[in-house]
Amino acid sequence: MKVSFYTLGCKLNYAETATLERQFKDRGFDIVPFSDQSDVCVINTCSVTERADREARQIVRRAMRTSPNAFVAVVGCYAQLEPEEISSIDGVDVVLGASEKFRLFDYAANFKKLSSPRIHVSSIDTVSDFGPAYSGGVDDRTRAFLKVQDGCDFNCSFCTIPLARGESRSQSIEACVSQTEQLVRMGYKEIILTGVNVGDYGKKNDTSLLNLLRSLEEVDGVQRIRISSIEPNLLNDELLDFWLSSEKICDHFHIPLQNGTDEILKKMRRRYTSSDYKKLIYSIREKSPDAGIGVDVIVGFPGETEELFEQNFNFIHELPVSYLHVFTYSERPNTPSIDFPGRVEPRIRYSHSDRLRILGQMKKSAFYQSQRGQVRKMLVEGSIENNKLSGYTDTYVRIEVPYHPSLENSIVNIRIGDFNGETCEGEIVSVESPATPISIEIPLVSTIGR
Ligand code: SF4
């Protein structure tokens, strides 16, 4: 039988789709692209924004057009949050929640199309299993995503993730080490630690992200470790000093800010003030002047007046950061902020988002240009465009080098050249770690939404 997959949302979802793919592959299924006809379609959904919900519904319909007789399974965050809504879409056979998503074979033994959809979604309060996951070649050919943590206890007032993924929980250090060893054996040089709230790693197992990093650093053959993102209040001095002193952990930080004014941060129920955040960023800059620092911002949160937006804009403008991820606020069912007063009109949300995106471009461009002449390590990825290969430095600067087959999946020292608006040109100075072939466990055919 043939099975196809579509993934929406974050890298954690990609890693979890890879686990589902392995389950099907182990049972003899052929994995085909989502655009091909298949017997089973699995859609792994996201529900962070209203747009993500809408996309999920469109993908289900697309599956039905391509494979009208396929068994359609919908899993992931949107499935946990709105199972009835999904089951009412024509063609859906099974909807699986957070606890059930890795047990598709228990709920659909022969994948025969059902006369009416079945919903298997436990209450999120009872979700406690972890669901180990790592991506090997799902979208990145040379970088592997390892799920180390799931769920979140922070309950920010705008966020659906705790409702969709449950309480914070972590995989043991031993299991993380063993999966990292497996990824190294497969040929991966860079491991990206992913989760919902990675900085919270180990809290309930009496350990910490710092201990995990110490153990992963010791794994033979690991060349680079990247941390997908970390909450600012969880990045303490001890962790920061270890992070920056490590030869293997990339000098790249993704630190959600969400808003630069204390008034909105408080309403968002974030656990830091704007001055805590600023202090952290300056501390990183002082210790590592070339570190890549990315910032998430939400625009148009209830109560964000014109004046508060200007304060937010100016705060971010002054911060020495490298790039922004700008999200336009959207009301999510069952979150506290849906009832907050001071709704911002959508057209204002969008125009403010545009302004911040332009600021983000300016920051990225200034950061890239400041790197000109530096020699840094770059992992050469496999994608070829215009006869060039690209990849990221440890500091998350995207670089292009002329194509050569022997470079794919090697780590090279490159001298950073001109910025062309998107990437920087790179001149190879020396090869740090020669290319190794990656033995990909699953074919590169998953379709990734965004
Ligand atoms: S820290 Fe806040 S925004 Fe991030 S997942 Fe947890 S509740 Fe959501």
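List of remarks:
- In straight-distance terms, cross-link reach from Lys266 covers every one of the aspartates and glutamates whose alpha-carbon lies under 16 Å from its own, apart from those fewer than eight places away in the same chain; here that gives Glu231, Asp276, Glu304, Asp339.
- For Ile249, the residues 5 or more places off, or on other chains, whose built amide H falls under 5 Å of its own are Ile225.
- GluC sites (Glu not before Pro) lying in DSSP loop within segment 1-67, provided at most 13 other Cβ fall within 10 Å: none
- Rotationally averaged projected area of segment 273-312 (alpha carbon convex hull; nm²): 3.5
- Whether segment 336-421 is rounded, prolate or oblate, judged on the alpha carbon gyration tensor where a/c under 1.5 counts as rounded: prolate
- Along the axis of the charge dipole computed for the chain (Cβ charges of +1 for Lys and Arg, -1 for Asp and Glu, origin at the Cα centre), the listed residues Ile316, Gly300, Tyr6 are led at the positive end by Tyr6.
- Estimated D of segment 119-187 in µm² per second, where Rh is the Kirkwood radius over Cα pairs and Stokes-Einstein applies at 37 °C, 0.692 mPa s: 237
- For Ile293, the residues whose modelled amide H falls within less than 5 Å of its own, excluding neighbours fewer than 5 places apart on the same chain, are Phe253, Ser322, Tyr323.
- Size of charge dipole - the chain - debye, nearest 20, with Cβ of Lys, Arg +1 and Asp, Glu -1, no other charges: 620
- Translational diffusion of segment 2-122, estimated by Stokes-Einstein from the Kirkwood radius over alpha carbon pairs at 37 °C in a medium of 0.692 mPa s, is 237 µm² per second.
- Rounded to the nearest 20 debye, dipole of segment 166-281 from Cβ charges on Lys, Arg, Asp, Glu: 500
- Compactness of segment 166-277 as Cα Rg over 2.2 N^0.38 Å, two decimals: 1.15
- Coupling constants for segment 201-209 follow from the phi torsions by the Karplus curve (6.51 cos²θ - 1.76 cosθ + 1.60, θ = phi - 60°), and in residue order they are 3, x, 3, 8, 10, 6, 9, 7, 4 Hz; glycine and proline get x.
- Those lysines that a straight Cα-Cα span of less than 22 Å connects to Lys101, excepting residues fewer than 8 apart in one chain: Lys2, Lys11, Lys25, Lys112, Lys113, Lys147
- Filtered chymotrypsin sites (Phe, Trp or Tyr not before Pro), segment 343-436: DSSP coil and at most 15 other beta carbons within 10 Å: Tyr403
- Rounded to whole Å, the principal axis extents of the Cα atoms in segment 375-433 read 28, 23, 16, largest first.
- For the chain, alpha-carbon Rg and Dmax in angstrom: 21.9, 64
- Amide H partners (placed H, <5 Å) of Cys41, local residues excluded: Ser4, Phe71, Val72, Ala73
- Value of Rg to Rh for segment 251-370 (Rh from inverse mean 1/r over Cα pairs, i.e. Kirkwood): 0.98
- For the chain, Cys10, Cys41, Cys46, Cys77, Cys152, Cys176, Cys250, Cys424 have no disulfide-compatible partner, since no other Cys C-beta lies under 4.7 Å from theirs.
- Within segment 98-205, trypsin sites (Lys or Arg not before Pro) in DSSP loop having at most 11 other beta-carbon neighbours inside 10 Å: Lys112
- Whole-Hz couplings from phi, Karplus 6.51/-1.76/1.60, listed for segment 368-380; x for Gly and Pro: 4, 5, 5, 8, 4, x, 5, 9, 9, 7, 10, 8, 7
- Calculated [θ] (222 nm, deg cm²/dmol) that DSSP helices of n ≥ 4 give over the chain, each run adding -39,500 (n - 2.57): -9500 deg cm²/dmol
- Here the 3J(HN,Hα) profile of segment 303-318, calculated from phi with Karplus coefficients 6.51, -1.76 and 1.60 at θ = phi - 60°, is x, 7, 6, 4, 5, 5, 4, 4, 4, 4, 4, 5, 4, 5, 4, 6 Hz, Gly and Pro shown as x.
- Cβ-based charge dipole, segment 375-433, positive-most Cα from Ser390, Val431, Val401: Val431
- Positive-end extreme of charge dipole, segment 131-249 - chosen from Tyr188, Val219, Leu209 (charges on Cβ): Tyr188
- Unit charges on C-beta of K, R, D, E only; dipole of segment 375-433, Debye: 140
Laboratory data are not the source of any read-out in this text; all were calculated from the coordinates shown. For clarity, every value in this text was computed on a predicted model and none was experimentally measured. With ideal geometry, Cβ positions are generated from the backbone for all residues, glycine too; neighbour counts draw on all protein chains shown.
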